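Here's the structure, in C-alpha cells; my notes come after.
The values are calculated or read from the model by the stated rules, or taken from the named source; none is laboratory data. Keep in mind it's a predicted model, so treat the numbers as computed, not measured. All Cβ positions, glycine included, derive from the backbone under ideal geometry; neighbour counts span all protein chains shown.
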Amino acid sequence: MIYKIYHLIRKLLARVNLGFVLLIFPRDFEQDGLATSRFRPFAEDLDFIDAKRKTVSMIGMDFQIDWRTHVFLWAFRSTQLLPGIAIELGTGKGWMFTMAVNHRQIPSLGEVILIDRFSIWSVDKVTGKPLVGQKNSVYTADLQELEGRFSGENGVHFVKGDLPGVLDEIDLEGKAIRFIHVDLNAAQPEVESLNALWANLLPGAMVLLDDFGSPEFFESNLAMRVLATELGFEILGLPTGQGLIIKR
C-alpha cells in the first residue's frame, strides 16, 4: 500500500513539474508528432519560407513536416561536395526534392535518381505490395507532372517500378552514391534496397530514413536495426522521427 502511494505521489509531482516547465517554456512548435519550445532557425529562414511557399503552390498541399524537411535539406546540402549521385527511394508527390529545387541555397541538385511506383495506392507496411482500393493522399500517379516540375534540372532522372527489383534496370556500376533518402513506408523493400546500394555509398555519404522513429512503421525500424547490425553501421534516431546514417 505504501509502495502504491509513493508512486502515485511521484506521478503527481512529475505532472506538476511538467506544468511548471511548460509555463516557463511554452511549446511554440507542435507539428508532425513533435512538440517543443526549442529554437528552430528554419522558421525564420527566408529561403526556407520562400521555398515552402513555392512548393505548396506547386504540389497543391502542405505536408506540414517542416522540421523533417529542414533535416532533409541539411543532409542533402551537406553531401553536395562529395562527387557521387543522390537517390530517393519513394518519391510520392516529390515534396522533399521540390523543396530542394526551390531553395535558393541549393543552386543545383546535381545528378539525382527519383525512384517510385508512382501509384496512388497505399502499400503494405512490411512487403510494400500495393493495397489496391486504399488511396494515399501523398502519393501520385502523375509522373508527367513531376517530370515537368524538375524540367530545369538536367541531372534529375525518374525511374518507375517496384523496389528493389527495379534497381537492376539502373546502371549503377562504378557510380558512387553520396546521399540516399528512404521513404517507401514498407520494411522489406527499404532494407533490401539499401542493402543493394550500400557498397556504392561513399565514405561520408548520408542515408536519411524518413519513418525510422514513427510508431506507425515499427516494422521498418526493426528491419533497419537488423540491417545495421549485419552491415556494421549506426542509426541516429532523431526527434523528427527520421533516422540518420553516415557511411564510414
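Which of (1) in contact (Cβ under 8 Å) with a residue 12 or more places away in the chain; (2) surrounded by fewer than 23 Cβ atoms within 10 Å (Cβ to Cβ) is the odd one out, the single condition E173 does not satisfy?
Every condition holds for E173 apart from (1).
If we scan region 95-110, do we find a residue that is touching a Gly at 6+ places or on another chain (Cβ under 7 Å) and either polar (S, T, N, Q) or outside any helix (DSSP H, G or I) (or both)?
Scanning region 95-110, I find at least one residue that is touching a Gly at 6+ places or on another chain (Cβ under 7 Å) and either polar (S, T, N, Q) or outside any helix (DSSP H, G or I) (or both), so the answer is yes.
Could you give me the residue pairs with C-beta distances under 8 Å whose first residue belongs to region 185-204 and is among the β-branched types (V, I, T), whose second residue is surrounded by fewer than 23 Cβ atoms within 10 Å (Cβ to Cβ) wherever it lies, and which are 6+ apart or on separate chains?
Close Cβ pairs (under 8 Å, with a partner that is surrounded by fewer than 23 Cβ atoms within 10 Å (Cβ to Cβ)) amount to V191/A223; V191/V226; V191/L227.
From the list G174, G133, G165, G161, exactly one residue is on the phi > 0 side of the Ramachandran plot and at pLDDT 95 or above. Which is it? Walk me through it before giving the result.
Details: G174 fails: at pLDDT 95 or above; G133 fails: at pLDDT 95 or above; G165 fails: on the phi > 0 side of the Ramachandran plot.
Of the residues listed, the single one that is on the phi > 0 side of the Ramachandran plot and at pLDDT 95 or above is G161.
Enumerate the pairs (first residue in region 44-60 and under 11 Å from H103 (Cβ atoms); second residue anywhere and polar (S, T, N, Q) and surrounded by fewer than 13 Cβ atoms within 10 Å (Cβ to Cβ)) with beta-carbon separation below 6 Å, excluding pairs fewer than 6 apart on the same chain, so at least 6 apart or on different chains.
Short answer, once both residue conditions are applied: D47/Q105.
With the condition kept exactly as written, say whether any residue in region 178-186 is in contact with a Ser or Thr (Cβ under 6 Å, 6 or more places away or on another chain), charged (D, E, K, R) and in a strand (DSSP E or B). Spell out how you get there, then give the answer.
Restricting attention to region 178-186, the residues satisfying the condition of being in contact with a Ser or Thr (Cβ under 6 Å, 6 or more places away or on another chain) are 178-179.
Still in the running and charged (D, E, K, R): 178.
Subsequent filtering for residues that are in a strand (DSSP E or B) retains 178.
Scanning region 178-186, I find at least one residue that is in contact with a Ser or Thr (Cβ under 6 Å, 6 or more places away or on another chain), charged (D, E, K, R) and in a strand (DSSP E or B), so the answer is yes.
Looking only at region 171-213, count every residue that is of a type in the set (G, A, S) and more than 17 Å from the chain's Cα centre (by Cα) and tell me the total.
Residues of region 171-213 that are of a type in the set (G, A, S), as a first pass: 174, 176, 186-187, 193, 196, 199, 204-205, 213.
Pick out the ones that are also more than 17 Å from the chain's Cα centre (by Cα) and you get 174, 176, 196, 199, 204.
So the count comes out to 5.
If I ask for residues that are surrounded by 16 or more Cβ atoms within 10 Å (Cβ to Cβ), out of contact with any Leu (no Cβ under 7 Å at 6 or more places or on another chain) and part of a helix (DSSP H, G or I), which ones from region 198-220 would you list?
The answer is F217, E219, S220.
Do you know which residues across region 221-233 are of a type outside the set (D, E) and either in contact with a His (Cβ under 6 Å, 6 or more places away or on another chain) or in a helix (DSSP H, G or I) (or both)? Break it down stepwise before answering.
Applying the first criterion (of a type outside the set (D, E)) to region 221-233 yields 221-229, 231-233.
Passing the criteria: N221, L222, A223, M224, R225, V226, L227, A228, T229, L231.
Quick test for you: out of V138, V132, V126, pick the one residue that is surrounded by fewer than 21 Cβ atoms within 10 Å (Cβ to Cβ), of a type outside the set (G, A, S) and assigned to a strand (DSSP E or B).
Working: V138 fails: assigned to a strand (DSSP E or B); V126 fails: assigned to a strand (DSSP E or B).
So the residue among V138, V132, V126 that is surrounded by fewer than 21 Cβ atoms within 10 Å (Cβ to Cβ), of a type outside the set (G, A, S) and assigned to a strand (DSSP E or B) is V132.
Which of the residues spanning region 228-239 are surrounded by fewer than 17 Cβ atoms within 10 Å (Cβ to Cβ) and free of Cβ contacts under 8 Å to residues at least 40 places away in the same chain? Outline the logic, then answer.
Within region 228-239, the subset surrounded by fewer than 17 Cβ atoms within 10 Å (Cβ to Cβ) is 228-232, 234, 236-237, 239.
Selection gives A228, T229, E230, L231, G232, E234, L236, G237.
Which members of region 31-76 meet the condition of being of a type in the set (S, T, Y) and crowded, with 17+ Cβ neighbours inside 10 Å?
Here is the first cut: in region 31-76, the ones of a type in the set (S, T, Y) are 36-37, 55, 57, 69.
Correct list: T55, T69.
Restricting attention to region 215-229, which residues are touching a helix residue (DSSP H, G or I) at 6+ places or on another chain (Cβ under 8 Å) and not aliphatic (A, V, I, L, M)?
Initial filter on region 215-229 (touching a helix residue (DSSP H, G or I) at 6+ places or on another chain (Cβ under 8 Å)): 217, 219-220, 222-224, 226-227.
Result: F217, E219, S220.
Of these, A223, A187, which one is in contact with a Leu (Cβ under 8 Å, 6 or more places away or on another chain) and farther than 23 Å from G84 by Cα?
Selected residue: A187, the only one of A223, A187 that is in contact with a Leu (Cβ under 8 Å, 6 or more places away or on another chain) and farther than 23 Å from G84 by Cα.
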